[in-house]
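What follows is a short report on a single structure.
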Amino acid sequence: EAQCQHPLLHCKNENHISASPSAGDQGLFTSLYTSLAQQLPREPMEWRRTYGRAPKMIHLEANFVQFKEELLPKDGNKALLTFPFLHIYWTDCCDTEVYKGTIKEDMLRWQNSLRTHASADWVIIVVESNDTKKKNKTNILPRSSIVDKIRSDFCNKQNDRCVVLSDPLKDSSRSQESWNSLLLKLRTLLLMSFTKNLGRFEDDMRTLREKRTQPGWSFCEYFMVQEELAFVFEMLQQFEDALVQYDELDALFTQYVLNFGAGDTANWLGSFCAPVRSWSGLLLRRPIDMEKRDGIQRGEASLLDLRSYLFSRQCTLLIFLQRPWEVTQRALELLHNCVQELRLLEVSVLEGALDCWVFLSCLEVLHRIEGCCDQAQLAANCSHTVGLWAYATDKLKSLGELCGLVSEKGPMSEDLNRTVDLLAGLGDERPETASSLQSPYKKLKEALSSVEAFERHYLELSHAAMEMYRAIGRLRSARLVGKSLAEFYMRKGDPERAETFLQEALKSYVSEGWNLPVTHTRKQIAECQKLLGRTEDYLQTSALLAGDVNLTTEERKHFCQEILTFAAKSGDQAHKVTLSMGVFAQLTRLQFHPATASVHSGAVLQVELTLRCLMPVSVHIQQVAASIHFDVDHGGTRGRSKAAQRQTIPGTVEFNQVNSSAGPPSSSGAGPPLELDEIHDRSPTDNSLSSTGVVCKNIHLLMRRHDNKSPPDTPNCVSPPAVAMKEGAQMLKVQEVTLEPGNNSIMFTAPSGQPGTYTLRQLCATVGQVQFVLPHIYPSVQYEVYSQEPQLTVEPQPLLAGLPQMVKFTLLTGHYAVKKGDALQLSNTDTMPILPSTGCSAQLVGESVLSIQSSEKVTSISLPATPPYHTLEFHLEVLCIIPSGNDRPPNERLTNGEVRHRPHLIVKFCRVCQQMSIDCPWSIYSTLLALTFYIPFKTKHSLLSAGNRKYIQVCVQNVSDVNFTLAEVKLTEKQHAALELQSLNAKEQQLLCSKHSVFCLWEVRWKEDLPSCLQCVFSANFSLLNQDVSSCKPFHYQFQLERVTTLYSVRADILPPAGEQHCRSGLLCGLEVCITRLTEPAEGETAEESKTDTDGLKTTKLMYEVADSSSNWAVCGKSSGMVSMPVTPDATHKVQIEVMPLFAGHLPFPKIKVLKYLPHTAAVAIQPDPDSCVENDSLSLLDKALDDQADTASIRSRGSVHSVGSGDQQQKGVAMPRLEPFSLGQVFNHSHARQVLVLPSTDDHIMEVNAT
């Protein structure tokens, strides 16, 4: 065996005897051998293999043997382990005569022998020593001459085959360098020879494998050849390559077995089909099982022997590779495959022998793994070994059942004989395990020796397997082992322990939806419960089995009869057995009649239940009852509408068949639905689609363990809870009902006496001594009983003010019964009188005429007799008086000068809100109803001026959707009788269509002075189109005009340049502005507006501004300034301004503005009333403070009334000069619409024309 560990190097030692007889080469080689054997494997070499396989770094370790010609390989010898890879000839000859006389001839014989056996790998090593030179100084030639002669005689074409080793026994740099050169040469030549011969061996092995289809081919012979290759790889410590060889042999043999099962036989398989005589199990404690290897080599091994030996070698290599957990995985596959292969090959095996072989093999593998791993590693990797524990447990149980060790009576004589035969096939215990107290052999022999020992070993293995399964989270497998343990306890007559394991197994089957295992396990549980005398649990399980469609009809009837037999027993009525309703019947549908599920108190409400009976036969039920939970409705009598007060309750409720109406969705075993989303993988370069897929977004919910969340009260539940029926004051009951298999309809009459919400909580069916209870009805089922206060409402409809309108009143009587003589008292208002109508009626079932009595303040409406919870409708004709617009007292001003605004009846969007107070007979409080009327007209007014003449224009716009006729249009002034308003309207009646307007115009005439303030009233009669004139209704609109007198007139004239008859574009023209005072100062003008100059004449300051917004003119020089105007009639002030026309054509005059300039000593001007409909033009501001003589070259429009100064100074209360605009009509501009002809410039090439 020692020679099989390393490659062989044949060494030819030539001993040269010189003059000194004491010297000899044997001692020299012996001294060199130790150094050579130690230094050769120190440095790694790169091994490059053929067929593109990856290079590897290996250490070469050689075995040196003496050269013998009989050790040279003969023809046909394929052995690699004994093959001499390199032949070495050693010599230390330095004498020429000696070389010629003996050495040369010996080298020739050595070379001829190698050539005869086709060995081309050799090397000649010449050892050089200084001691040899000293002894033979006279006959010594230089060492190089001897080496040259050897090279010329034997190495003509291979000079590297002769190597010189200088002073090998000395410690010098020259000696070390010589040693390194020699070792490198030996490693190179040895690796080259090994690679070459290994490749030749692999080719020969491959050729042999390709001949496997020829007759006479033997798998055992091929096995020995490929295993030798595996030995070589193992010797080189290439364990992975060695394992590949055994895996190939394993796959090849497996394929032949599968082909044999398919009908393709091989002659050499006949030796493996022999009956199995020994089942001693795997042997993994030896590196090589020589006994089984010899049997394979002789062709006498059985299938189990071949598999055992092959796996033992794989196990050894896997442990060398530090992959012990792969050993357990391969072992489990091997054991299962061997059982199948024996069946395929139809090998005769004693019953129970395979169970023994599997049991011993499982324990042998586990002991082998325990020997190379510590306890911490074993505990952390129990997921790899638990399969072997479970398999060993299962096989031990089979052996116990076969040998009669599980039955209550114990083993019989036949069982004992079978046990003896099985133990005989085990043979003697192996020497490797003889000293172990816990060897697999001893365990099996002890377990089969007695019932007690078997039970101890079986329970030990079962509990170990279950604990490991639980530790790694494989609860299903743990419960499967527990189920097997429960069957063991049932055979032993211990149903109490068996039920515990069966219940655990049932949890897994139910949660995962395994229907047939659920049925089978329940039958076992029922058997245990019956033996234990647990009546209630047995009846519950029997009910589950009676409704299980996986059983036959006879079995279902048997379990149903068990329940009915117990129910028919006479006993204490107070102690009834309570079972789950879900195992007896399923609530599938519930329907209310009427379907609204909401009735008033005292009404009739029926509830129809649809029950699906799961029993196989008809069942007579004494009583079906449903408990009701009542909630008092505190908000049902507050007078709100029924729709707003109550939520909509469905009249029909469908129950999910999966959940069986037993609980909320979270308790169902179906799990959440899949939430899928698509994903796309696109290329980052061109954004092209590379791949697409589907991802589950709620995988964390789907993969969650549901073992501890099995749904209660369902037909697939493990042990449904027994919840007793809660008796209450409110219950639905029906007596004497027969349930047929399938759907059944049961009708209840629901209580509806007290207002509130009624919730159905539980359902109970009583069959004699048994009650089937549904503890929770889900989804929640409710119905409502309401008691409503009478409610009086007005249906929203578009109402127009000023015209008689029909208003629909709706009375919901609620719980109140309207008696004959009851009346509604409506408070009358001046703005909305109720008109008498003879056709007013109340609509209930038929029609009955209402009696309406009106007085100055109250309108009484007598109501007909109406029962509770009915609707009474009637109509009244009302008229909303249109308010007269700005009819309000004079403005009250606050201390800061702002106007106090009073609330008006007219609100936004021209609406009028009227409050109606109604006294009802059922309440001591008055009911307020709001009616909204829309004013059909929108009225505006404006003041127009033409010099001193004044005109008032009123615009009436129809904002409604109907057409009207306007008649008798008038405008009057309330304060000044001498004032005459002359109508300029030609028509007495005018058509006012929807969304259109009518304009009316009056000229103001006066005899003396025109008042500064006018209080005007516009009035007209209107009616619907095509209605009689007598049906016209009045319409009034009041408004106030302030500061209507014209104070100043402005005239402007544009003068052409000197020498020109007309203005030309691009040339300066003169703009002459003439401002004239027309009237005396009125009382309304404040003293701050004027002051007295040095001549004693009162003057006022005005601000003028010339601007052209149309960009037709360019103002040159100053465009604004101040003038001091005497406060006397006909006072005139002229201003000259240069302007330049920018275009040719008839251009309008530039715009001229005149403003009041109030000094800083003047009081704050009263702002115009914002309620007035007169629109003022924007005015100009000064950008900086002005004194009495200040002018500005540019004034820009900013707003209406502003101070000349910064905002900070105004906020601090500092008085600043400011500008105030004149009211509309106080300044009349005569040149407002004038135009002037502007000729183009004299440039003949460019002509600009402006057409306006």
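The values are calculated or read from the model by the stated rules, or taken from the named source; none is laboratory data. Not measured: the values here are computed from a predicted model. Counting neighbours? That spans all protein chains shown, and the Cβs are built from the backbone with ideal geometry, glycine included. Side chains are part of the model used for accessible areas, which takes the heavy atoms of the whole protein and leaves out ligands, DNA and RNA. Shrake-Rupley method; radii C 1.70, N 1.55, O 1.52, S 1.80 Å.
Points to keep in mind about this one:
- Whole-Hz ³J(HN,Hα) from phi, Karplus 6.51 cos²θ - 1.76 cosθ + 1.60, for segment 435-440, glycine and proline x: 8, 8, 7, 10, 6, x
- Lysine pairs in segment 443-552 whose alpha-carbon atoms fall under 30 angstrom of each other, counting only those eight or more residues apart or on distinct chains, come to 13.
- Taking every alpha-carbon pair in segment 505-573 and binning the separations at 10 Å intervals from zero gives 20, 50, 24, 6, 0 percent.
- Heavy-atom SASA rank of 852, 679 (probe 1.4 Å, accessible area, largest first): 679, 852
- Charge dipole of segment 929-1054 about the Cα centre (unit charges at C-beta), most positive-ward option of 1049, 929, 1024: 1049
- Computed from phi, the 3J(HN,Hα) profile of segment 970-980 under the Karplus parametrisation 6.51, -1.76, 1.60 (θ = phi - 60°) reads 9, 9, 10, 10, 7, 9, 10, 6, 6, 7, 10 Hz, with x in place of Gly and Pro.
- Heavy-atom accessible area order for 685, 1100, largest first, 1.4 Å probe: 685, 1100
- Mean separation of Cα contacts under 8 Å (6+ apart) over length of segment 928-993, as relative contact order %: 29 percent
- Largest to smallest in accessible area, the residues 1013, 955 fall in the order 1013, 955 (1.4 Å probe, all protein chains included).
- For trypsin sites (Lys or Arg not before Pro), the sites in segment 386-452 that DSSP calls loop and that have at most 13 other Cβ atoms within 10 Å are 409.
- Here the simple spin-label model places points 7 Å from the Cα toward Cβ, and for residue 1006 and residue 1019 these points are separated by 2.4 nm.
- Segment 466-549 shape via C-alpha gyration tensor axes, a/c threshold 1.5: oblate
- The heavy atoms of residue 1140 present about 50 square angstrom of accessible area, all protein chains included, probe 1.4 Å.
- Within segment 905-994, GluC sites (Glu not before Pro) in DSSP loop having at most 13 other beta-carbon neighbours inside 10 Å: 988
- Backbone phi angles across segment 932-945, fed through the Karplus curve with coefficients 6.51, -1.76 and 1.60 (θ = phi - 60°), yield HN-Hα couplings of 10, 10, 9, 6, x, 10, 10, 10, 10, 9, 7, 9, 10, 10 Hz in residue order; Gly and Pro are listed as x.
- Gyration tensor (alpha-carbon) shape descriptor, segment 365-435, a/c threshold 1.5: oblate
- Over 26 Å between alpha carbons, listed pairs 938/1007; 857/1033; 1098/1151: 938/1007; 1098/1151
- Annotation for segment 785-839: trypsin sites (Lys or Arg not before Pro) lying in DSSP loop with at most 16 further Cβ atoms inside 10 Å of their Cβ are 819, 820.
- In the assembled protein chains, residue 566 presents an accessible area of approximately 50 Å² (probe radius 1.4 Å).
- Taking the centroid of alpha carbons for each part, segment 945-965 and segment 441-466 are 117 Å apart.
- Sorted on the mean count of surrounding Cβ atoms within 10 Å across their residues, most packed first, peptides 1028-1040, 312-324, 260-272 read 312-324, 1028-1040, 260-272.
- Residue 477 - accessible surface, heavy atoms, 1.4 Å probe, Å² rounded to 10: 30 Å²
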